[in-house]
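The values are calculated or read from the model by the stated rules, or taken from the named source; none is laboratory data. Predicted model, so just to flag it, every value in this text is computed and none were measured. Every residue, glycine among them, receives a Cβ derived from its backbone with ideal geometry; neighbour counts consider all protein chains shown. These area figures cover heavy atoms from the full protein model, side chains too; ligands, DNA and RNA do not enter into them. Shrake-Rupley method; radii C 1.70, N 1.55, O 1.52, S 1.80 Å.
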Amino acid sequence: MKAKVVITDYVWESLDVEKKTLGDLAELVALKTKKPEEFIDAAKDCDALLNTYAGPITAEVMSKMPKCRIIARYGIGVDTIDLDAATKAGIIVTNNPTYCIEEVAEHTMALLLACARKIAFYDRLVRAGRWEVPPGKPIYRLVGRTLGLVGFGNIARAVAVRAAAFGMRVLYADPFVKEGQFDAPGKKAEMDVLLREADFVSLHPPLTPETRKLMNDAAFSRMKPSAFLINCSRGPVVDTEALVRALDAKKIAGCALDTTDPEPLPNPHPLRGRDNVIVAPHAAWYSEQAMAGLQAGAPGEVRRVLSGEWPVNVVNRAVKGKSRAGL
C-alpha cells in the first residue's frame, strides 16, 4: 500500500522532481491552494504534507490529519506552521535552510547598492526623458559606511562577507549569537546602538512573536535621517504603517523591500510611487540553481521519513522519540 503525500501548493512548472523522489513510495496529490480549508479535504488521510505558502497550519488543521507524519516546508521560514502543536501531535516539521543563502545575500547587496547609488531613481528619470545628475543628490561613497544586520544567521553572515569586500563596517544584533562565534566580518552590538550607527539597516531575523513589527515607530526614530532600511526577510518584521510615517516625516532616507506586509502590496498603497522606495515581488530567493535546490529538499525529507529515517533539517527537534513516524 503506497503512502499518500499531498502537496498543498507549488510555484514551479512540473512535478518531475517530486515524482522521481517519491513515485515508488507514494501516491502524490498536487494542489494549488492558499488556505487550509482548501486542502484539508484531500489531506485528511495523508501520510505527509509538502507545503510552500499555504497556511496557517494550526493545531486545528493538524487535528484533521491524524495519519500525517511529516510536514515538509519547501522554504526556510516556518512562521506559518504551529511548531508546538506539531510536536504535541507527533508530526515532524522540516524546512530547507540552505537552498538560497547566496541568492538572498546577493539580492540584499543589490538593494543596498541600488539605495546607495540611487539606481532605480536615475533609471526612472532617464526613462522619463531627463538626463541629469543633481536630482539624485546627496550620494555618499560606501567605503567606511556602516551596515547594521538585524539577525546574524546564514544569510546575514553571507551579506557581511560581501559588504566587507565593499569596505563597509559591519555591526550585527542577534541575541542567539556570541561575539566571535562565526568566522564572518562583523561586531556584535545592542539593537539601539546598531540603529543609531548604521547607514543601512538590513533585516535578517526569522518571523517570531518577538520579531513581529520589530521595526516600529520607536525603531525608526532611532535611525539616522540619512539611513536606508532593507528587508529581504519577512514582511511583518516591519510595521508598515510606522514605515510610511517614518518616510513621510523624513526620519529615514528610504527603503528597499523584497518582502512586504501585506503581500502582495496592494495597488494603490502609500509605499508605491515614492522616489526613495524600491519594492521587489519577494524574488530574493530565486535563481535557477536555488529553484532546483528548493524543489528537491522537501520531497527528500518526506522520502526519509516514509523510509523510516530521521530527516536532515528538523525544525521541531523536541518531537524526536515521540513522533508518529516512530523516529
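Structure above, values below:
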{"read-out": "Max mean-square fluctuation residue, GNM over the chain, Cα-Cα springs under 10 Å, options VAL150, VAL193, VAL201", "value": "VAL193"}
{"read-out": "Long-range amide H partners of ILE91 with built H, under 5 Å", "value": "ARG324"}
{"read-out": "Region 76-207: relative contact order as a whole-number percent, Cα under 8 Å and 6+ apart", "value": "26"}
{"read-out": "Positive minus negative residues near GLY136 (Lys, Arg vs Asp, Glu; Cβ under 12 Å)", "value": "+2"}
{"read-out": "Top of PHE220, PHE228, PHE166 by mean-square fluctuation, Gaussian network on the chain, Cα under 10 Å", "value": "PHE166"}
{"read-out": "With every protein chain in place, the chain: carbon and sulfur % of accessible area (1.4 Å)", "value": "54"}
{"read-out": "For VAL29, net neighbour charge (Lys/Arg +1, Asp/Glu -1) across residues whose Cβ lies under 15 Å away", "value": "-1"}
{"read-out": "Long-range HN-HN contacts of GLU27 with modeled amide H, under 5 Å", "value": "ALA3, LYS4, VAL5"}
{"read-out": "Karplus-derived 3J(HN,Hα), 6.51/-1.76/1.60, for each residue of region 285-302, Hz, glycine and proline x", "value": "5, 7, 7, 4, 5, 5, 4, 5, x, 4, 5, 7, x, 5, x, x, 5, 4"}
{"read-out": "Built amide H within the under 5 Å cut-off of ILE81, gap 5+", "value": "ILE57"}
{"read-out": "Scaled radius of gyration (Cα, divided by 2.2 N^0.38 Å) that region 105-202 gives", "value": "1.22"}
{"read-out": "Helical mean residue ellipticity (222 nm; -39500 (n - 2.57) per DSSP H run of 4+; nearest 500) of the chain", "value": "-9500 deg cm²/dmol"}
{"read-out": "Whole-number percent relative contact order across the chain, with pairs defined as alpha carbons under 8 Å at least 6 apart", "value": "19"}
{"read-out": "Segments 70-83, 206-219 sorted - mean Cβ within 10 Å per residue, highest first", "value": "70-83, 206-219"}
{"read-out": "Per residue accessible area in Å² of the chain, where ligands, DNA and RNA are left out and the probe is 1.4 Å", "value": "49"}
{"read-out": "Radius 14 Å from Cβ of ILE278, net charge of other residues (Lys, Arg +1; Asp, Glu -1)", "value": "+2"}
{"read-out": "Distance violations [Cα-Cα > 18 Å] among LYS2/LYS44; LYS44/LYS67; LYS35/LYS320; LYS2/LYS64; LYS67/LYS88; LYS35/LYS64", "value": "LYS35/LYS320; LYS2/LYS64"}
{"read-out": "Option label - Kirkwood radius over Cα pairs in Å computed here, alternatives (i) 21.2; (ii) 22.2; (iii) 20.5", "value": "(i)"}
